[in-house]
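Student: One structure is given below, represented as structure tokens, and several questions about it will come after.
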Amino acid sequence: MNKHHESTSPSDEQQITLRGPAELADALPYLMGFHPNDSVVMVALHGGRGRFGGRLRLGIPQSAREWPSVAEQLAECLIKGSERRGGRPDAIVVFLCQDPAEGETGTGTMERLRPLAQLLRTACGALDVPVLEALCVSGNRFWSYVCPDARCCPAEGNPMAMPGTSVMAAAATYAGIQVRGSLREMEARLAPLTGTTGAAQQRALDAAGAALVPMLLEEDSRKEVGETTLKLARRLMRRLVRAPAAGPSLADLNDDRLITHEEAAELILGLQDRETRDRAAEWMEGPEAETALRLWRALARRCVAPYQEHAAAPLTLAGWVSWSTGDEPAARVALGLALRVDPHYTFAQLLHEACNQGLDPETLRRCLRGERGTRTVRRGRRAERVAGARSVRVQPAGRARMRTASVRPGTTGRRRAGRPGVQGRRGSRTGHH
């Protein structure tokens with residue numbers, strides 16, 4: 001049994017010493033912010049006393065044929081990600097969390113997952129980082145794949161500590177850290193609607209797709225769809241803000257009632273455009289962030305079959321806003337779901353990796369603020385040009401001729417009189433477009 005692990009979690013001002021598999025298993029929900037179901041969790045350790053560093057989570061692949069490649073990818077992602085942050089891990093802790101299948105015992109689950117644990121240990125070792133501890137958590141018990149001592153790690157496993165009784169639980173309570181429940185419960189808030197409501201939403205998505213997809217394929221109409229999408233999103237956010245507050249159990253249900261199937265369908269289709277989605281990502285801080293997050297979650301729930309892949313955009317936006325506002329557990333869940341529905345969604349890939357590496361979202365926030373500022377300046381300049389062109393167009397012809405003559409004295413009066421009018425018409429068209 002490994003006897004000494006130290007963490008600076010849950011706060012940088014307080015050090016907590018975790019001794020042995022039991023305390024490590026108990027600390028897992030506090031490290032992640034939720035109880036991970038059906039998950040591989042890997043946590044980097046730094047220094048001689050094992051300070052917790054980067055961590056990542058992935059759903060356990062159902063097919064054992066995928067385990068070798070997944071193990072290699074996870075090891076490489078965690079180790080190289082830590083190196084990019086400036087600190088190569090000195091060791092890694094692995095958790096395999098899965099409840100027993102029907103007719104299976106916790107011990108059976110542990111044995112079934114043993115090859116995956118070994119593949120993860122081998123993959124990390126191949127990159128010269130040892131796995132200090134590998135635990136299986138199943139059926140409210142835990143097992144160590146590393147400790148050979150049956151006196152402390154018996155074959156039947158050890159029971160998990162009672163909730164709220166451990167040193168980690170006490171420190172987390174003192175620091176104001178809460179465990180939100182299970183991963184399954186958090187994912188349920190983002191799951192597609194079903195039943196008659198889901199069928200009605202599908203019909204609305206069918207109709208919106210027929211109308212909007214051809215427009216999204218043309219550059220001019222695509223920009224028009226983008227502006228309409230953002231205006232609708234802002235209108236719905238104002239509607240959500242005005243709604244009376246509700247308890248957690250009713251909040252999502254109330255939000256769903258405030259958004260019609262047609263409005264949701266129009267927004268979902270509009271957000272498939274990358275430029276529109278990126279502009280929506282600017283609602284990431286301040287008072288509008290919480291309302292935007294409610295909207296993105298509601299839209300994710302409206303991505304019913306066969307439109308599940310369309311959920312990648314609202315799920316990624318939900319993950320981004322959660323990360324930007326400091327809610328890393330919710331961000332990891334939303335981004336993980338986005339990659340589940342579309343593994344190649346680049347924005348979700350980048351955010352998921354950055355969040356798992358513990359990077360500061362302020363870099364991206366600054367970038368988005370800069371984009372918004374640049375766009376505001378451009379709008380102001382266009383407005384000035386349009387206003388200037390209109391002012392020339394409404395001037396008396398005599399004044400226009402006199403000013404033009406002072407610049408180009410050799411030009412005839414008739415040509416001088418006609419020229420400002422042409423410029424005015426051009427300016428007006430540009431401003432309208």
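The values are calculated or read from the model by the stated rules, or taken from the named source; none is laboratory data. Fair warning: this is a prediction, and the values are worked out from it, not measured in the lab. For neighbour counting, all protein chains shown are included, and Cβ atoms are generated from backbone atoms with ideal geometry for every residue, glycine included. Keep in mind that these areas ignore ligands, DNA and RNA; they rest on the heavy atoms of the full protein, side chains included. Shrake-Rupley method; radii C 1.70, N 1.55, O 1.52, S 1.80 Å.
Student: Pull up segment 111-147, narrow it to residues that are under 19 Å from Gln73 (Cα atoms) and assigned to a loop (DSSP other than H, G, I, E, B), then point me to the one that is least open to solvent (accessible area, probe 1.4 Å).
Tutor: If we take residues in segment 111-147 being under 19 Å from Gln73 (Cα atoms) and assigned to a loop (DSSP other than H, G, I, E, B), then Val129 is least open to solvent (accessible area, probe 1.4 Å).
Student: For segment 254-278, enumerate the residues that are within 22 Å of Glu328 (Cα to Cα) and open to solvent by 30 Å² or more (accessible area, probe 1.4 Å).
Tutor: Asp278
Student: Let me ask another. Based on this model, can you work out whether Cys152 counts as modelled with pLDDT under 90 and either open to solvent by less than 40 Å² (accessible area, probe 1.4 Å) or not β-branched (Val, Ile, Thr) (or both)? Even if it seems obvious, please write down each step before you answer.
Tutor: Numbers: modelled with pLDDT under 90: yes; either open to solvent by less than 40 Å² (accessible area, probe 1.4 Å) or not β-branched (Val, Ile, Thr) (or both): yes.
Criteria met by Cys152.
Student: Specify which of the listed residues (Ala22, Ala27) is in a helix (DSSP H, G or I), within 20 Å of Tyr145 (Cα to Cα) and either modelled with pLDDT of 85 or more or out of contact with any Cys (no Cβ under 9 Å at 6 or more places or on another chain) (or both).
Tutor: From the options Ala22, Ala27, the qualifying one is Ala27.
Student: Please determine, by comparing only the residues of segment 225-254 that are modelled with pLDDT under 95 and of a type in the set (D, E, K, R), which one is farthest from Arg301 (Cα to Cα).
Tutor: Arg242
Student: If Gly108 satisfies all but one of (1) in contact with a helix residue (DSSP H, G or I) (Cβ under 8 Å, 6 or more places away or on another chain); (2) in a helix (DSSP H, G or I); (3) open to solvent by less than 50 Å² (accessible area, probe 1.4 Å); (4) farther than 25 Å from Leu337 by Cβ, what's the number of the condition it fails?
Tutor: Failed condition: (1).
Student: Next up: For a quick check of your reading: which helices (runs of 4 or more DSSP H) sit entirely within segment 228-303 and have at least 3 residues that are of a type in the set (Asp, Glu)?
Tutor: 248-258, 261-270
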